[in-house]
Each structure stands twice: as structure tokens, then as C-alpha cells.
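Notes to accompany the following structure.
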Amino acid sequence: MKPAGSAFPFPPVGPRRHNPAAVAAVAQTLTPLQADGLRLLMKSEDRRRLSRDAYEYSPVLASRLAAAEAELVVCPTTVEQVKAVAAACAQHHVPITMRGAGTGNYGQAVPLLGGVLLTMTGIRAVRSATADCFTAEAGCRLADIDEALALHGAEQRLLPSTYRTATIGGFVAGGSGGIGSVAWGFLRDPGNVLGMEIVTVEPQPRQHQLMGDAAAPLNHAYGTNGIIVTLTMPTAPLRSWQELLVTATSLEQGLHLADQLRTEALPIKELSLYDQQIVAMVRPLQGGAADSGGCRLIAIVAAEAMEIVKRRLTHHNAQLLLKRPQTVAGSLRELTWNHTTLHARAADPAWTYLQLLLPPEPAPALQAMGCQQGDGLAWHLEAVRSQGEARWAALPLLRWQGADALAEVMETAQALGCTIFNPHVITVEDGGMGVVDGNQVQAKQAYDPSGLLNPGKLRGWLERRHL
Ligand SMILES: Cc1cc2nc3c(=O)[nH]c(=O)nc-3n(C[C@H](O)[C@H](O)[C@H](O)COP(=O)(O)OP(=O)(O)OC[C@H]3O[C@@H](n4cnc5c(N)ncnc54)[C@H](O)[C@@H]3O)c2cc1C
């Protein structure tokens with residue numbers, strides 16, 4: 001068995017005081033900007049509240065990050081103010097941790113070394129929107145971008161299930177994909193981010209426009225290698241989306257049905273499957289059915305596809321429990337991706353989760369893990385495109401039985417051909433493919449040469465410094 005220490009290679013984080021005099025000097029430099037709308041939050045309750053994200057789904061992170069706290073929270077309202085914060089922190093050598101809405105799950109926006117927490121939600125304009133693409137400021141909420149795009153018959157390609165609260169900057173720096181990934185893959189797939197404008201962390205900060213490949217190293221880098229101030233991204237056509245909740249007698253039957261739907265020429269933006277244990281815990285998935293047994297499929301399909309979809313349901317002996325137009329609030333989207341974990345933990349906080357890309361033929365892994373873990377594991381699957389191929393991702397719920405047991409489940413999943421995106425670790429690399437991306441480290445050298453941005457989260461930078 002793999003020791004827990006190697007699966008979760010970091011110690012608890014203490015309430016770090018970076019350098020109180022340096023932080024006080026930053027606050028003093030920024031104080032005059034309050035007249036122009038910049039806010040400085042120094043009260044302990046504000047600093048504590050904003051130094052957290054949604055890491056508590058992981059008992060490992062919950063125990064190790066609870067004490068971490070910024071010494072100063074800065075809320076700018078203009079890009080010029082962001083530059084002033086970057087300059088002051090660089091001059092006084094104070095760490096900066098970026099924050100959007102703080103919905104990340106890996107402690108991504110938690111300041112490990114104290115210092116300044118820079119929250120971007122005050123910089124939130126949609127600068128331009130057309131049918132093809134949009135440019136929005138980093139603190140803009142995703143739902144607001146969709147509202148602007150709807151006027152042009154367009155919408156965002158990819159959304160996390162937190163689209164009502166999350167910011168576009170936080171999504172690109174910390175997220176990976178979500179609703180839409182069945183058609184468009186993941187944020188890091190070339191083409192899903194067209195470009196970004198960034199601010200460097202230096203005594204005289206520079207502003208750069210990075211287009212195409214030049215922007216890739218900052219995509220999913222947890223804000224360790226540049227401050228993103230605007231993003232330009234392509235759109236998808238806005239359709240009259242219908243949300244469906246469907247029963248399936250088994251996970252296998254649901255997989256067959258979903259696999260058939262996704263291989264046909266139907267506009268689909270979400271397909272997710274839930275086993276009986278999850279249906280029992282997450283009441284909205286029951287759909288008011290008299291018999292709440294069986295598995296569930298959530299499908300979001302274009303209205304014009306409905307006739308074909310209904311025929312496929314009949315063919316697969318599946319029952320349509322609910323069909324309604326997609327809404328912003330109260331949408332079935334808010335039951336998918338990590339919202340499933342949220343709802344299940346609300347019913348029983350003894351559950352945690354994992355994130356996997358299942359092997360191309362998922363059934364053997366599903367069955368083997370199910371047999372091994374029994375009712376300590378509940379399956380939640382999400383249809384995705386990975387490197388152009390139709391695949392299934394999974395966010396299985398796991399009954400928390402300690403770090404060693406979790407490490408063992410991950411080892412089993414790996415042996416069965418699953419790729420693990422470990423949500424119980426804090427670095428970009430360990431939560432991703434496990435390998436250092438040299439381009440991310442080079443970007444940090446170029447845009448954050450003193451290593452002040454989100455310290456402790458880019459393993460490649462830490463290892464480089466120890467060479
Ligand atoms: C219930 C739930 C469901 C979720 N579902 C999904 C999902 O479907 N798909 C998915 O990908 N994720 C999902 N997540 C994770 C999270 O919601 C997304 O990653 C979200 O997009 C983060 O946005 P945010 O504004 O909250 O970012 P934050 O959590 O504030 O920040 C995320 C990371 O980005 C960095 N950052 C923020 N702004 C900037 C900036 N301007 N410049 C540089 N770095 C920056 C932060 O330092 C941090 O490392 C979910 C989380 C929860 C709690």
C-alpha cells in the first residue's frame with residue numbers, strides 16, 4: 001500500500017505572518033487609492049472568511065489548510081489599481097494570492113504564506129461580445145458573460161456548475177471544464193482560450209497581451225505565474241436547450257443510452273449519470289418519482305433533438321421524469337459536476353470524492369471498484385471529450401475512511417487504467433497529470449521573477465529553486 005504521505009505530500013499550513021512591517025508598508029502605499037474605489041480589508045473576520053475556498057470537500061485539505069490566513073485583503077476596481085498592488089507587493093516582497101469567487105476545490109485561492117489576498121470581483125466588465133467571441137475582465141461572473149452573449153445568439157462553450165458565482169479569471173486559472181465538456185473538451189484544449197491580458201508582479205509591473213499558445217502556461221496555473229486581467233474566449237451558438245432528467249434501471253443501461261446519444265448528430269451540452277446511492281441522497285435527482293430507485297441521467301439537449309432523444313429513451317427502456325427549458329437559476333446544471341458532491345455532502349458530510357478520467361472502455365473499472373468498495377463508493381459519471389475522443393470522467397463519492405484508505409482507492413483506480421486528478425493536494429502538478437510543465441515555470445520566471453504569486457502551489461518552481 002502506498003503511504004498516505006506520498007499521495008498527499010504537504011504538511012499542515014500554519015497561520016503564517018509573512019512580514020508584518022512589509023505588509024503594513026503595502027497597506028500604507030495603497031491607502032490613497034481608497035478614494036478611487038480600492039478597498040483594503042484588515043479585519044480578522046474578513047481575512048479569515050476570504051482566505052478559504054471550497055477545499056472542505058477534502059478532509060485532507062480541511063485539516064491542513066484551516067489555519068491559513070492572509071494578512072491583508074485588497075479589492076481593486078480597475079486594472080491600474082491591480083498594477084499598483086503588484087508594484088507595492090513587489091517592492092516590499094510580499095506574497096500575493098489571487099482570488100475570484102473562491103469556489104475552487106483544491107485550496108487554490110488559500111494563501112499559504114499569508115501576505116496579500118487580491119480579490120478580482122470588482123473588475124468585472126464584459127468589454128466586448130459578438131456571436132464568435134468575447135473579452136471580459138477577470139472578475140466577471142460567468143452568468144453575466146452568458147447574459148451579454150445571449151444578445152448575439154451565443155453562449156460560452158464551457159461552464160463550471162458554479163457558473164452563477166464563479167469568475168472567468170478563476171475558471172481559467174483554477175477550473176478545468178464542466179458543462180459543455182461533452183462537446184468542447186477542456187479549457188486547456190487549444191482553441192478554448194484565445195488570449196489574455198496579464199499584469200506582471202515587479203516593482204514596475206508590465207501589462208502583456210498574450211495570444212494563443214503564449215497564454216497556455218497561465219491556463220490552469222492557479223494564478224502562480226501572472227495576474228490575469230482580461231480573457232478573450234470563443235463562443236458556441238446559443239440554442240433552445242432542454243434539460244432532461246431520465247431514469248435508467250442500472251448504470252450500465254444509462255451508459256449505453258448516453259453513449260448512443262453522444263455518437264449521433266445531436267447538439268448536446270451535458271450528459272451525466274448517477275447511481276442509486278447518489279439518487280437516494282440528492283433529492284432533486286429523484287425528480288418527484290414515486291419510486292426513487294434506479295439510476296439517473298441528466299441530459300441537456302437542443303430542442304430540435306427532442307424527437308430523436310425520446311425515441312432513444314423508449315428503445316433503451318428509460319423513462320423521462322422531467323423535461324423543461326434551461327433556466328439560469330434552479331437549473332439541473334446545478335446538480336452536475338462538483339455540485340453533486342456538494343449536495344451529497346449536505347445530506348451526509350461523511351462523503352468525500354475523487355476525480356478520474358475512466359479508461360476508454362469504462363465498465364470493467366466501474367465494476368471492479370464498485371465490488372471492492374461496496375457502498376463506500378457511489379458513482380457519478382460525466383461525459384467528456386478528451387483529446388478529441390468521447391470519454392467518461394467520474395467524480396465518485398467515497399466514504400471517508402482516512403488518508404491511507406483514500407490513497408489505496410487511488411492506487412486501485414490507477415491500476416484499472418483510470419487517470420487521477422487528485423483533489424486532495426495543493427499544487428498545480430499534483431492535482432493534474434503529476435508532471436511539471438516547464439512552460440508554466442518559465443512563465444513564472446518571466447512574469448513573477450521574485451516568486452511572489454500564490455507561493456507553494458507550483459511544484460516546478462519550488463523544485464527549480466532547490467536545484
Ligand atoms: C459546487 C462546486 C462545483 C464545481 N464545479 C466545477 C466544474 O464543473 N468545473 C470546474 O472546472 N470546476 C468546478 N468547480 C471548481 C470551481 O468552481 C471552478 O474552478 C471555478 O471556476 C473557480 O472560479 P472562482 O472565481 O471561484 O475562482 P477562485 O476559486 O477564486 O480561484 C481559482 C484559482 O484561480 C486563481 N485566480 C483567480 N482569479 C485569478 C486571476 N484574475 N488571475 C490569475 N489567477 C486567478 C486563484 O488564485 C485560484 O488559484 C466547482 C466547485 C464547487 C464548489
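Per residue, the accessible area of the stretch 315-459 comes to 39 Å², computed with a 1.4 Å probe over protein heavy atoms only.
Taking the inverse of the mean reciprocal distance over all distinct Cα pairs, the Kirkwood hydrodynamic radius of the stretch 17-119 comes to 13.7 Å.
If you take every residue apart from Val309 with its C-beta less than 15 Å away from the C-beta of Val309, what net charge results, scoring Lys and Arg +1 and Asp and Glu -1? Residues near Val309 contribute +2 overall. Taking only Cα atoms, what is the 0 to 90° angle, nearest 10, from helix 338-347's long axis to the longest principal axis of the chain? Between helix and principal axis, roughly 80 degrees. The slack between Gln207 and Thr327, meaning 0.36 nm per residue of separation minus the straight C-alpha distance, is 39.4 nm.
Computed with a 1.4 Å probe on the full set of protein chains, the accessible area for Asp144 sits at about 50 Å².
In the chain, helices alone account for a calculated mean residue ellipticity at 222 nm of -8500 deg cm²/dmol, with every DSSP H run of four or more residues adding -39,500 (n - 2.57). For the chain, the number of Lys pairs separated by eight or more positions or lying on different chains, with C-alpha atoms closer than 26 Å, is 9. Note down the net charge around His343, summing +1 for each Lys or Arg and -1 for each Asp or Glu among other residues with Cβ under 13 Å from its Cβ. Neighbour charge sum, excluding His343 itself: +2.
At the listed q of 0.08, 0.13, 0.14 Å⁻¹, the Debye profile of the chain, built from one uniform point per Cα, gives log10 I(q)/I(0) equal to -0.46, -1.20, -1.35.
Which of the listed residues, Gln242, Leu261, Pro76, is farthest toward the dipole's positive end in the chain, when Lys, Arg count +1 and Asp, Glu count -1 at the beta-carbon? Farthest towards the positive end: Pro76. Compared with the dominant principal axis of the Cα atoms in the chain, helix 438-447 is inclined by about 40°. Separation of the stretch 162-203 and the stretch 333-395 by C-alpha centroid, Å? Going from one Cα centre to the other spans 22 Å.
With a simple spin-label model that places each label point 7 Å from the Cα along the Cα-to-Cβ direction, the separation between Ala350 and Leu238 comes to 4.6 nm. For the set Val441, Val126, the ranking by accessible area, highest first and with no ligand, DNA or RNA atoms included, is Val126, Val441 under a 1.4 Å probe.
When both bridge partners sit in the stretch 17-119, DSSP labels roughly 30% of those beta bridges antiparallel. Around the Cα centre of the stretch 17-119, unit charges on the Cβ atoms of Lys, Arg, Asp and Glu (plus for the first two, minus for the last two) sum to a dipole of about 140 debye. For the stretch 17-119, the solvent-accessible area works out to 36 Å² per residue, with a probe of 1.4 Å and every protein chain left in place.
On a 0 to 90 degree scale, rounded to 10, what angle separates helix 403-415 from the longest Cα axis of the chain? With both axes taken from Cα atoms, the answer is about 60 degrees.
Once C-alpha pairs closer than 8 Å and six or more residues apart are averaged by separation and normalised to the residue number of the chain, the relative contact order reads 17 percent. The Cβ shell under 12 Å around Cys140 holds other residues with a net charge of -1, Lys and Arg each +1, Asp and Glu each -1.
The fraction of accessible area contributed by carbon and sulfur in the stretch 17-119 is 53 percent, rounded to a whole number (1.4 Å probe; ligands and nucleic acids excluded).
The values are calculated or read from the model by the stated rules, or taken from the named source; none is laboratory data. Nothing here was measured: the structure is a model prediction, and the numbers come from that model. Neighbour counts are summed over all protein chains in view; Cβ atoms, including those assigned to glycine, are modelled from backbone coordinates with ideal geometry. Keep in mind that these areas ignore ligands, DNA and RNA; they rest on the heavy atoms of the full protein, side chains included. Shrake-Rupley method; radii C 1.70, N 1.55, O 1.52, S 1.80 Å.
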